1. Please note which strands (runs of 3 or more DSSP E) are completely contained in segment 1-74 and include at least 1 residues that are open to solvent by less than 40 Å² (accessible area, probe 1.4 Å) and at pLDDT below 90.
2. If we scan segment 81-91, do we find a residue that is under 18 Å from S116 (Cβ atoms), touching a His at 6+ places or on another chain (Cβ under 8 Å), within 16 Å of the ligand (Cβ to nearest atom) and at pLDDT 80 or above?
3. Hey, can you tell me all the residues within segment 78-120 that are part of a helix (DSSP H, G or I), open to solvent by 30 Å² or more (accessible area, probe 1.4 Å) and among the charged types (D, E, K, R)?
4. Which of the residues spanning segment 121-146 are surrounded by fewer than 17 Cβ atoms within 10 Å (Cβ to Cβ), within 21 Å of K3 (Cβ to Cβ) and not aliphatic (A, V, I, L, M)?
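The values are calculated or read from the model by the stated rules, or taken from the named source; none is laboratory data. In this text the structure is predicted, and so the values were computed from the model without any measurement. Neighbour counts are summed over all protein chains in view; Cβ atoms, including those assigned to glycine, are modelled from backbone coordinates with ideal geometry. The area values use the complete protein model at the heavy-atom level, side chains included, leaving out ligands, DNA and RNA. Shrake-Rupley method; radii C 1.70, N 1.55, O 1.52, S 1.80 Å.
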Amino acid sequence: MLKLSAQWQNAIHAEGEKAYPNECCGVLLGAFFDDDRIDEYRLVENIIPINNAREQTEQYHRFKIEPEDLMRAEKEAKAQKREVLGFYHSHPDHPARPSEYDRNNAFPFYSYIIVSVEKGKAAELTSWRLTDDRKEFLEELVQEEK
Ligand SMILES: [Zn+2]
């Protein structure tokens, strides 16, 4: 389960709307909770937008985290005493479901938030985890945290 406060949900919505008609993307920072009494969950505590402008012509449906993005995110997470939980990106005028491209470029373990942006307005937000065999994305429950 991924716990996402209204603050960060709104921030991801805003990033998606700002980037429209292109995709936005960024890193989710936060903490892992693994308590025997309750289900394992992840709490989003910050986001780092990634400038997706380096490949202008390739922005649309070409979400990819480069190794240098991940390294920078890990460094920033450490500085904030947080963990890299995963990534978010937007699907302009497409449903909030992972594409083939998304699956081929994803890693197991991380949470992948997808927000659909319809005609410039943020709509559905979902989260996904890649199975260890990398064959499929399973939807992860997103709980809004106060
Ligand atoms: Zn995608």
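1. 41-50
2. Yes, that holds for at least one residue.
3. Across segment 78-120, the qualifying residues are K78, E100, R103.
4. If the condition is that a residue be surrounded by fewer than 17 Cβ atoms within 10 Å (Cβ to Cβ), within 21 Å of K3 (Cβ to Cβ) and not aliphatic (A, V, I, L, M), then E124, E139, Q143, E144, E145, K146 are the ones that fit.
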